Amino acid sequence: VAWNKRDLLTYAVGVGAKNDEFPFIYATPIDPNFAALPTYPVVLQLKGADQDVNLFADRVKGRPIPGLPPLNPNRVVHATQSIEIIKPLPLVSGDGWTWKTRYTGVVENSAFGIILTAENTLVDPKGTVYAKLFATGEKYSKFIAGPPQGKPVPKDRKADWIVEEQTTPEQAIVFRLSGDYNPLHIDPRIGQGAGFGGVILHGLSTFGFAGRAVLKTVGASDPNSLKFFGVRFTAPVKPGDKLETSIWEVGNGPHGTTEVAFETKNLTTGKVVLGAGIAYVLKKGGAKL
């Protein structure tokens with residue numbers, strides 16, 4: 001895998017970064033404040049090392065998984081995603097970075113089919129791990145070791161922070177430039193055939209919107225403050241829908257962090273689109289609501 005500063009800028013815009021988020025949208029050859037959004041590594045599995053478009057079906061199939069039938073890219077559903085940020089990313093990768101995938105769970109489910117759990121690591125040329133990511137096709141298996149599980153958001157008190165964001169009708173067109181060229185996100189015919197009524201936004205774009213909300217409020221937009229971020233995808237978002245991320249501090253996390261619970265609601269449809277959200281943040285945020 002590989003990336004450059006332009007890739008980081010493209011990703012930031014794809015997850016809704018605004019014109020006041022200078023550390024993530026404004027890069028010059030000598031700018032000391034420019035940084036990668038900490039959730040950026042989630043796009044690298046499909047992007048690879050390319051700077052041009054790719055064929056989504058080939059990227060999803062990848063290498064055969066021993067003992068399993070070939071995956072049908074039109075029937076793969078991304079249900080959970082988490083990222084642990086171990087080291088800040090360099091602004092330009094250079095050559096020799098790798099994305100390693102290890103399948104840690106395979107569960108047969110009568111309702112969902114085969115549920116895969118994958119552990120991914122982003123590794124530099126010297127073998128140093130910069131990020132660890134878990135993803136499933138439906139849910140984490142209770143029989144394997146995985147990342148921290150999300151907690152229900154508190155029902156007995158209001159959120160400490162609420163961030164509203166308007167996606168644009170072109171949101172998916174921009175986000176796909178980060179490497180996910182699934183036609184579901186640009187061709188209305190694909191979305192209609194899949195029962196979505198047209199184009200839907202990439203789940204990882206919504207993931208990035210929520211990541212920015214937590215980073216901006218609890219972490220005061222310091223890219224090094226976010227240490228872990230994970231969600232469950234619960235409903236689709238259409239480009240142009242309005243999102244609301246509600247954030248609660250719920251206790252102390254590991255290594256001096258604050259544990260945060262959050263959920264993202266689609267104000268256009270009224271549905272929760274990201275649930276069981278959990279983050280560990282080095283708290284730097286200001287006053288709560």
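Brief remarks on what is shown
- In the range 35-139, the trypsin sites (Lys or Arg not before Pro) that fall in loop regions by DSSP, at most 14 other Cβ within 10 Å: 126
- Once the chain from residue 31 to residue 187 is taken as fully extended at 0.36 nm per residue, the excess over their C-alpha distance is 52.4 nm.
- Potential lengthening of the chain between residue 61 and residue 288 amounts to 77.2 nm, from the contour at 0.36 nm per residue minus the alpha-carbon distance.
- Accessible surface of the chain [probe 1.4 Å, protein heavy atoms]: carbon and sulfur percent: 55 percent
- Positive contributions from Lys and Arg (+1) and negative ones from Asp and Glu (-1), summed over other residues with Cβ under 15 Å from the Cβ of residue 194, come out at +2.
- Relative contact order (percent, whole number), the range 166-210, Cα cutoff 8 Å, 6+ residue spacing: 32 percent
- For the range 5-281, the gyration tensor built on C-alpha atoms gives a rounded shape. Its axis ratio a/c (a ≥ b ≥ c) stays under 1.5.
- Overall form of the range 53-111 per C-alpha gyration tensor (a/c, 1.5; a/b vs b/c): prolate
- You can think of it this way: the chain between residue 267 and residue 54 has 73.4 nm of extra reach, that is 0.36 nm per residue less the Cα-Cα gap.
- For residue 201, the residues 5 or more places off, or on other chains, whose built amide H falls under 5 Å of its own are 237, 238.
- In straight-distance terms, cross-link reach from residue 18 covers every one of the aspartates and glutamates whose alpha-carbon lies under 19 Å from its own, apart from those fewer than eight places away in the same chain; here that gives 7, 31, 164, 165, 170, 222, 241, 244.
- Residue list for the range 11-36, given a label point 7 angstrom along the Cα-to-Cβ vector of residue 170 and an amide N cut-off under 16 Å: 11-19
- Probing with 1.4 Å while keeping every protein chain in the model, the per residue accessible area of the chain equals 49 Å².
- Relative contact order %, the range 5-281, counting alpha carbon pairs below 8 Å whose residues are six or more apart: 20 percent
- The range 6-53: chymotrypsin sites (Phe, Trp or Tyr not before Pro) falling in loop per DSSP and having at most 14 other Cβ within 10 Å: 26
- Cross-link pairs beyond the 23 Å C-alpha cut-off, checked among 238/265; 87/283; 100/238: 100/238
The values are calculated or read from the model by the stated rules, or taken from the named source; none is laboratory data. Note that the structure is a prediction, hence the values are computed from the model and not measured. Heads up, the Cβs are rebuilt from the backbone with ideal geometry, glycines too, and the neighbour counts pull from every protein chain shown. To get the accessible areas, we keep the full protein, side chains included, count just its heavy atoms, and leave off ligands, DNA and RNA. Shrake-Rupley method; radii C 1.70, N 1.55, O 1.52, S 1.80 Å.
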